[in-house]
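A short write-up of the structure that comes next.
The numbers here are math on the coordinates, done by the rules we state, and not lab data. Model, not experiment: these values are computed from the prediction. Here the Cβ positions follow ideal geometry from the backbone for every residue, glycine too, while neighbour counts run over all protein chains shown.
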């Protein structure tokens, strides 16, 4: 499973670089991210509705395959938009992502308690992944973030 993630990350790096050179970072980053989120969302949806254990394993491996390119594209967009403050932008993105993962465990456990179904949180996750893909339509890696805002947050974090 992890070998697939390594392979997908290498492929995504090459494809992402090629797309950015040909069409710009806005098109390149969005194309990779939206596509990968859509595939991951579909894989999770199929995981929730299938009854075959072998199919579940296959869908989870496929979802993991497309997770690496999504993460790499997100970090690349942070570098594009953050410039000299790419570390701060990346740190904020990672912090929010980890908070989401923390609360996801709590919320998903509660959903299972209420619905008595392990499929329901998988459907919720699928919806979150589709929403994540749609939100990439509003990300423009070619537009740098306001440096004053980043500088202010960076200085406040250091104090």
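What to note about this one:
- Panel order for 85, 118, by other beta carbons found within 10 Å of each beta carbon, from fewest to most: 118, 85.
- When 119, 74 are arranged by Cβ crowding within 10 Å, least crowded first, meaning fewest neighbours, the order is 119, 74.
- Additional length obtainable on full extension of the chain from residue 134 to residue 146, 0.36 nm per residue less Cα span: 2.0 nm
- Between 0 and 90 degrees, the angle of helix 53-82 with respect to the longest Cα principal axis of the chain falls at about 10 degrees.
- Distance between the pseudo-spin-label points of residue 107 and residue 119 (7 Å out from Cα toward the beta carbon): 2.2 nm.
- Principal-axis tilt of helix 86-115 within the chain, Cα atoms, nearest 10 degrees: 20 degrees
- If you run the Gaussian network model on the chain, springs between alpha carbon atoms under 10 Å, then out of 139, 114, 124 the most flexible one is 114.
- Using the average count of surrounding beta-carbon atoms within 10 Å as a protection proxy, the listed peptides 42-50, 29-37 rank, highest first, as 29-37, 42-50.
- Pair-distance distribution of the chain: all C-alpha pairs, bin width 10 Å, starting at 0; shares per bin in whole percent are 10, 32, 34, 18, 5, 0.
- Put in order of Cβ neighbour count within 10 Å, fewest first, the listed residues 40, 93 become 93, 40.
- What the Kirkwood sum gives for the range 1-70 is a hydrodynamic radius of 12.6 Å, with every pair of different alpha carbons counted.
- Helical contribution to [θ] at 222 nm, DSSP H n ≥ 4, -39,500 (n - 2.57), averaged over the chain, rounded to 500: -30000 deg cm²/dmol
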